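The values are calculated or read from the model by the stated rules, or taken from the named source; none is laboratory data. Because the structure is predicted, anything quoted here is derived from the model rather than measured. Virtual Cβ from ideal backbone geometry, glycine too; neighbours counted across all protein chains shown. Just so you know, the surface numbers come from the protein's heavy atoms only, side chains and all, with ligands and any DNA or RNA stripped out. Shrake-Rupley method; radii C 1.70, N 1.55, O 1.52, S 1.80 Å.
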Amino acid sequence: MANTELAMGKLVVASTTSNNQHLPNVIHHKTDTSKVRTVRGIRVTPVGRTLFDCLRWMQFPIALAVADGTLRSQLLTYNQAVQCILDQEGSLGREQALEVLKFADPKCENGGESIVRALIIQSGFAAPQSQVEFVDDMDSRHIMRVDFCWKIQRPDRVRTVALELDGLCKYTDPRFMNGFDSERVRSDERLRESRLLKQVDGLIRISFKQALDQDYLIQLLDSVRVPHVAGIIPYGRTICTKW
């Protein structure tokens, strides 16, 4: 056995020989040993092959987080990632992997943001831009970034909607508080929001838990008229389990 990995409740086994056993929750695939790498004493498949397998095995939100992280960490460029997938000619799930990759965005700062963006896309809405910057009109040295933003073209102007992924950590975790107490952090956040509201037409907040509730997510985005897009990835896309 070359490698084993637990992914989305499936035990993935990469080996040097084919294994036709049909066991529940076990996925086998054959790996060319000439392409196996050893990283910190562990035998693994190359980055491109690992990315391909993740994008075709995993549910869309997790797969998109992997794709975003790969580009953000500069393990591969977007074009290199596309080529790695195209090189897997004849492999099942290749089109599925390409479908995921076209939504990848290295600007997403962490896996949580990637998952929420994926849920937005799966729920039938236009994909937002990530980490969009606004200059504070009261202090041009102050740059305000929002997690997600839609710039919606209207006949007479561009309508801007911002979405912030909210979490208690920014108010309770010292790593995110810049040495301030929670009351100061909340005060600064209220000031930031008041300045931001002068530059956007709509500002909404959502927690990660709320984003996992599709009905709530749809209701929230509809309330600020985020545009719907046809032909997106279905919410319950299954995992590719064959090669």
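Points worth noting:
- Given (1) farther than 28 Å from residue 26 by Cα; (2) in contact with a strand residue (DSSP E or B) (Cβ under 8 Å, 6 or more places away or on another chain); (3) open to solvent by 10 Å² or more (accessible area, probe 1.4 Å), index of the condition residue 117 fails: (3)
- Selection status of residue 86, more than 30 Å from residue 218 (Cβ to Cβ) and open to solvent by 60 Å² or more (accessible area, probe 1.4 Å): yes
- Selection status of residue 155, surrounded by 15 or more Cβ atoms within 10 Å (Cβ to Cβ) and assigned to a loop (DSSP other than H, G, I, E, B): no
- In the stretch 75-99, the residues that are touching a residue at least 24 places away in the same chain (Cβ under 8 Å) reach residues that are assigned to a helix (DSSP H, G or I) and among the hydroxyl-bearing types (Ser, Thr, Tyr) with C-beta atoms within less than 7 angstrom, at least six apart or across chains, in these pairs: 76/70; 81/70.
- Check on residue 91, over 22 Å from residue 200 (Cβ atoms), hydroxyl-bearing (Ser, Thr, Tyr), open to solvent by less than 90 Å² (accessible area, probe 1.4 Å) and at pLDDT below 95: yes
- Test: residue 233 is at pLDDT below 90 and either open to solvent by less than 30 Å² (accessible area, probe 1.4 Å) or under 20 Å from the mean Cα position of the chain (by Cα) (or both): yes
- Residue count, the stretch 130-141 (criterion: without any contact (Cβ under 8 Å) to a residue 40 or more places away in the chain and surrounded by fewer than 16 Cβ atoms within 10 Å (Cβ to Cβ)): 6
- Within the stretch 37-79, the residues that satisfy the criterion of being charged (D, E, K, R) and open to solvent by less than 20 Å² (accessible area, probe 1.4 Å) are 53, 56, 68.
- Some residue of the stretch 2-21 being of a type in the set (D, E, K, R), at pLDDT below 80 and in contact with a strand residue (DSSP E or B) (Cβ under 9 Å, 6 or more places away or on another chain): yes
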